[in-house]
Amino acid sequence: MIFADAFGWLLDPANWSGGKSIPVRIGIHLLYCFGAVLGAALIAVPLGLFVGHTGRGGLVLVGGSNALRALPTLGLVTFLYLVVGGSTVSVLISLVVLAVPPILAGTYAGVQDVDRGVVDAARGMGMTGAQRLWQVEVPNAMPLLVGGLRNAMLQVVATASVAAFVGVETLGRPLLDGIRVLDYPQFVGGAILIALLAVVLDAVLAVVGRLVVPAGVRLSARTGKARPGSAASRRREVPTPVESGGSTA
Amino acid sequence: MIEFRDVTKRFDDGTTAVNGLDLVVEAGTITVFVGPSGCGKTTSLRMVNRMIDPTSGTVLVDGRDVLGVDPPTLRRGIGYVIQQAGLFPHRTVLDNVATVPLLTGWTRRKARQRAAELLELVGLPAELGRRYPVQLSGGQQQRVGVARALAADPPVLLMDEPFSAVDPVVREGLQDELLRLQAELDKTIVFVTHDIDEAIRIGEKVAVMRTGGFLAQYAPPAELLTRPADDFVASFVGKDRGYRRLSFVDSSGVEVAEVPTIAEGAPVESSSDWRLVVDADKRPQGWVAPDSSSVPGGSLYEVGASIRGALDAALSSPSGLGVAVDAEGRLAGVVTARQVLDVIESRRG
Ligand SMILES: Nc1ncnc2c1ncn2[C@@H]1O[C@H](COP(=O)(O)OP(=O)(O)O)[C@@H](O)[C@H]1O
Ligand SMILES: [Mg+2]
C-alpha cells in the first residue's frame, strides 16, 4: 500500500520538473557524493600508500581513523554549519570525514597485504622504493583500494541525505519533508531513490574496479591460491619455528 | 668472488644472527650455506646484496666493499631467487623475467626478447610467457624465478631455499637443472638450504652453520662426510653419513671376478651356478638362476665409480653378485658385497 503510494509520488510528473524536482536533487546528491569521495581519496590514498609502503605510523593511522569513524555525521554537519556558516562547505567536509576511513583502510590494507615474498623480490631485483611502490605495491593493492572506494561511496550516498538539514537540496530533502509533514509516500519514495542510486554507483565502481585491477591479480584472487598477503604469508618473514611450517605448506 | 671478512650481524632486539663470519666463495662455484633454521643463513646471504647491512665486518664482491655501492645498483647486478619465487602476480611470466633488464633501461622489446630466451634456457615452453604466475605449478614458478634472476646475466646468483617449497620429486629435477645450467653459465652461486642432502648434492663447497651465527665447517661435501669438524657437524650431516660418504670413495680397489655368461636368446643348460645373460655387445641383460629361470638383474656400477654404487649393485643383485660394467656399459666382471665391505674396512684401517 505504502509502496504503491511511494511509486505514485515517484511517478508524479510534478516531481520531475522545476528547481526542486527529483532530477535536480539526484544531480546535487551525486555532486556531493563524487566531490566527497574524490576529496577523501586525495587525502586517504596518498596517506594509506605512504603508511603501507613504509610500515611507519600504522598504529596512529588506525587510531585516527577509528576516531573519525566515531564522529556522528549529522552532529558534525550541524556543528560545522554553526561554526563555518556555509552549508555546502560543512556538508562536504563532513562527508569527506566520513569517506576517509574506509579509503584509508582499503589502501593501507592493500599495500600491507602484498605478499612479503613479492616485496622482498622487488627489493632484491634492485627496485628503488618508488619503483616498488608504483610497479608492485599499487597494482597489487588495487582490489582492496577499490573496495575501500566502494565502501566510502556507499556510506556517502546514504549519508548525503543529512545535507537537507542545513538546506542543501539532496535526496535527503524528501526524507526530511516526508517525516516533517508525515507524507510517507514522499519519505519512502526518497528512500527508494537513495537505495537505487547506491546500487547504481556501486555497480559503476565495480566496473571501474575491473578496469584498474590487473588481470593477474584478479586471477590470483579468483583461484583462491594464497592471495598476496594472507596473514600466513606475512608471517613467513619472521624466522621463528613457524617459518618452516608455514613455508612448506 | 665473494668474501666475508669477520662479518657480524646483531639485530636491534639483540639477536646475533651472524657471528664473526670469515669465508670466501670462489668465483664460478656453487657454495651452499646449510644449517638448522635460525642459524643465520638467510642473514648472511642478504648481506651480499645489502638487503641487510652488517653490524661490523666487510662483505666484498669481486674485491669491492658492497657498502660502497648503492643498494639498487648493487642488486641489479646480483641475481636473487627466494623460496616462494616471489613472482609479481600482476605481470605475465615474460614480463616478470624482463624485470631487471627493464630496470636497467633496456627497451621493452629487447627485454622481452631476452626474457623469452631465458624461459627456453630454464626449460619452459615459450607459450608459458603469456600466462600469469598464479597459472603455473610451484616447480614452474621456481624456474621462472631462476630465469628472472638470470635475465641481466649477473655474475653472482643468491638463492635462498629456492626449492624448499616444492615436492621432493620436482625438487630433484630442479636441482639437476641448476647443475646443468651452472655447467653452462659458470656463475658464482650462493645457495642457502636447511637440507643437508640438497647441500651435498649441489654444493662444490658447503658451509655448515650453527645456531648463534657461527660457521662450524667450510669444506667440500666429501670432506664434511669423511672428516666432520666436530660433533655438531657429524650429527647434522646425519646418521647415514657413513653410507652417504661411500659416494665419495672410488671402487677401484674392488677386484672384479669372472662370471659365467649366456648369450641372449641362446638355449639354457642346467647348471648349479647363476649365469649372467649378455647381449651381442656384452651388455648385461639379467640373470638365469640355477633352476634355469630368468631373473631381472639388479643395479649396475661402472668400474672405478663410487664404491656406494658397487655396494648397491651387490646388494640388489638376485645372485648376490654385483655386476660391474665399463664406460660403454659392457660387462667387466662381478663383485660380492663381502668384497666391497672388506675394501671399505681396509680403507678405514
Ligand atoms: N629482522 C630481524 N630482527 C630480529 N631478529 C632477526 C631478524 N631476522 C632474523 N632474525 C634472527 O636472526 C637469526 C638468524 O635468522 P636467519 O638468518 O633468517 O636464519 P636462517 O635463514 O638460517 O633460518 C634468527 O634467530 C632470527 O630469529
Ligand atoms: Mg632462512
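The values are calculated or read from the model by the stated rules, or taken from the named source; none is laboratory data. Since the model is a prediction, treat every value here as computed from it, not as a measurement. Note that we place each Cβ from the backbone using ideal geometry, even for glycine, and neighbour counts take in every protein chain shown. All accessible areas refer to the heavy atoms of the entire protein, side chains included, with ligands and DNA or RNA removed. Shrake-Rupley method; radii C 1.70, N 1.55, O 1.52, S 1.80 Å.
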**Request:** Calculate I(q)/I(0) for segment B:48-207 by the Debye formula, one identical point scatterer on each C-alpha and no solvent, and give its log10 at q = 0.14, 0.21 Å⁻¹ to two decimals.
**Result:** -0.71, -1.46
**Item:** 3J(HN,Hα) from dihedral phi, segment A:89-101, Karplus parametrisation 6.51/-1.76/1.60, rounded to Hz, x for glycine, proline
**Value:** 4, 5, 5, 4, 4, 4, 5, 4, 4, 5, 7, 4, x
**Item:** Cα-projected label distance for A:Val199 with B:Asp12, points at 7 Å along beta-carbon direction, nm
**Value:** 5.1 nm
**Message:** Among A:Pro139, A:Ile2, A:Ala41, whose Cα projects farthest towards the positive end of the dipole of segment A:2-248, with charges put on the beta-carbon of Lys, Arg (+1) and Asp, Glu (-1)?
**Reply:** A:Pro139
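Do any chymotrypsin sites (Phe, Trp or Tyr not before Pro) in segment B:1-83 lie in a loop, going by DSSP, with at most 15 other beta-carbon atoms within 10 Å of their beta carbon, and if so which?
Numbers: sites: B:Phe4, B:Phe11, B:Phe33, B:Tyr80; in loops: B:Phe11.
Answer by residue number: B:Phe11.
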**Fill in**
Among B:Gly20, B:Gly265, B:Val237, the residue whose Cα sits farthest towards the positive end of the charge dipole of chain B, when +1 is placed on the Cβ of each Lys and Arg and -1 on the Cβ of each Asp and Glu, is B:Gly20
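Could you work out the mean count of beta carbons from other protein chains within 10 Å of each residue's beta carbon in B:78-88?
On the way: counts 3, 2, 6, 2, 7, 6, 10, 3, 11, 5, 14.
What the average comes to for B:78-88 is 6.
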**Item:** Lysine pairs meeting the criterion (Cα under 20 Å, 8 or more apart or interchain), as found in segment B:2-248
**Value:** 4
**Complete:** Kirkwood-based Rg/Rh on the Cα set of the protein assembly as shown evaluates to 1.19
**Message:** Run the simple label-point estimate for A:Leu211 and B:Thr211 please: 7 Å along Cα→C-beta, distance reported in nm.
**Reply:** 5.7 nm
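At R0 = 51 Å, how high is the FRET efficiency between B:Ala257 and A:Arg222 if r is their beta carbon distance? Nearest 0.05 is fine.
0.20
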**Complete:** Answer in debye to the nearest 20: the dipole magnitude of the protein assembly as shown about its Cα centre, from +1 Lys/Arg and -1 Asp/Glu charges placed on Cβ, is 2460 debye
**Request:** Using only Cα atoms, find the angle between the long axis of helix B:168-185 and the longest principal axis of chain B, and express it within 0 to 90 degrees, rounded to the nearest 10.
**Result:** 70 degrees
**Message:** Taking the 0 to 90 degree range and rounding to the nearest ten, how far is the long axis of helix B:307-316 tilted relative to the main principal axis of chain B, both from C-alpha atoms?
**Reply:** 50 degrees
**Request:** Compare B:Ser164, B:Ser317, B:Ser270 in a GNM of chain B, Cα atoms joined below 10 Å, and give the one with the largest fluctuation.
**Result:** B:Ser270
**Request:** Positive end of the charge dipole of the protein assembly as shown (Lys, Arg +1 and Asp, Glu -1 on Cβ, about the Cα centre): tell me which of A:Gly57, A:Ser161, A:Val199 has its Cα farthest that way.
**Result:** A:Ser161
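Relative contact order of segment B:261-348: what whole-number percent is it, with Cα pairs under 8 angstrom and at least 6 residues apart?
Numbers: 172 pairs, mean separation 17.3, N = 88.
Relative contact order here is 20 percent.
To the nearest 20 debye, what is the magnitude of the charge dipole of chain B about its Cα centre, counting +1 on the Cβ of each Lys and Arg and -1 on the Cβ of each Asp and Glu?
On the way: 38 positive and 46 negative charges, 304 e Å.
That gives a dipole near 1460 debye.
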**Prompt:** Anyone know which of A:Ser94, A:Ser161, A:Ser65 comes out most mobile in the 10 Å Cα GNM of chain A?
**Reply:** A:Ser65
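Please give the FRET efficiency for B:Ser294 paired with B:Arg347, using the beta carbon to beta carbon distance and R0 = 45 Å, rounded to the nearest 0.05.
Working: r = 36 Å, r/R0 = 0.81.
Using R0 = 45 Å, I get an efficiency of 0.80.
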**Complete:** Carbon and sulfur atoms account, in whole percent of the 1.4 Å probe accessible area of the protein assembly as shown, for 59 percent
**Prompt:** Dipole of chain A, Cα-centred, from +1 at each Lys and Arg C-beta and -1 at each Asp and Glu C-beta, to the nearest 20 debye?
**Reply:** 680 debye
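Determine by what factor the alpha-carbon radius of gyration of chain B differs from 2.2 N^0.38 Å, reporting the quotient. Before the final figure, lay out the partial values.
On the way: Rg = 25.1 Å, N = 349, 2.2 N^0.38 = 20.4 Å.
Compared with the compact-globule rule of thumb, chain B sits at 1.23.
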**Message:** With 17 Å as the cut-off, how large is the P(r) tail for segment A:170-214, expressed as percent of Cα-Cα pairs?
**Reply:** 46 percent
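Quick one: Kirkwood hydrodynamic radius for chain A, alpha-carbon pairs, angstrom, one decimal? List each step's numbers first, then the result.
Working: mean 1/r = 0.0494 Å⁻¹.
One decimal place: 20.3 Å for the Kirkwood radius.
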**Message:** Compute a Gaussian network model of chain B, connecting alpha carbons closer than 10 Å, and tell me which residue from B:Asp195, B:Asp279, B:Asp250 fluctuates the most.
**Reply:** B:Asp279
**Complete:** Cα convex hull volume per residue for segment B:261-348, in Å³, equals 78 Å³
**Message:** Just checking the output field for B:135-145: average partner chain Cβ neighbours within 10 Å of each residue's Cβ?
**Reply:** 1
